[in-house]
Amino acid sequence: IRGRPGGGRVQEYAFPPGASLLLYTDGVSEARDEKGRFYDPAAALDGRRFTRPRRVLDVLFSDIADHTDGAPQDDIAVLVVRRPVPGEDLDDGEGGRSGRRRRVSRPDGRGGSRRAVTEGERPGAGDNN
């Protein structure tokens, strides 16, 4: 709180229309792969574009599952808040669960399946979406 000794610092950042804020617990940033390397959500999501908070979650959880081979060791809590663009149509016709999903086989051949998402790819040069 500003002005109180030991009260910490306040930092303010712009939150423009179309921006998203991602909050997560250490279960995300401490998810490890088979070699003990931590998952880095900032690096994993850097440069990707999303139009719905649900799509951020879909990609994040898919990435974490890939990173941990489907076995995160800690609980995970995530919150995504997006500031809409004025005039943006927020009705996606899917009850808020935006994005196309398809089921794919696990790449390790162990059977089972998981969802793969098509939203959140890093845009190519000249992509204005």
Exercise for the section: List the relative contact order of the stretch 19-83 as a percent without decimals, with contacts defined as Cα pairs under 8 Å and 6+ residues apart. Expected result: 55
Completion exercise
Once all protein chains are kept in place, residue 89 shows an accessible area at probe 1.4 Å, nearest 10 Å², of 110
Completion exercise
Answer in debye to the nearest 20: the dipole magnitude of the stretch 22-80 about its Cα centre, from +1 Lys/Arg and -1 Asp/Glu charges placed on Cβ, is 400
Practice task
Determine the per residue accessible area of the stretch 19-83 with all protein chains present and a 1.4 angstrom probe, expressed in square angstrom.
Solution key: 56
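The values are calculated or read from the model by the stated rules, or taken from the named source; none is laboratory data. Worth saying up front: this structure is predicted, and the values here are computed from it rather than measured. We place every Cβ from the backbone using ideal geometry, glycine too, and count neighbours over all the protein chains shown. Just so you know, the surface numbers come from the protein's heavy atoms only, side chains and all, with ligands and any DNA or RNA stripped out. Shrake-Rupley method; radii C 1.70, N 1.55, O 1.52, S 1.80 Å.
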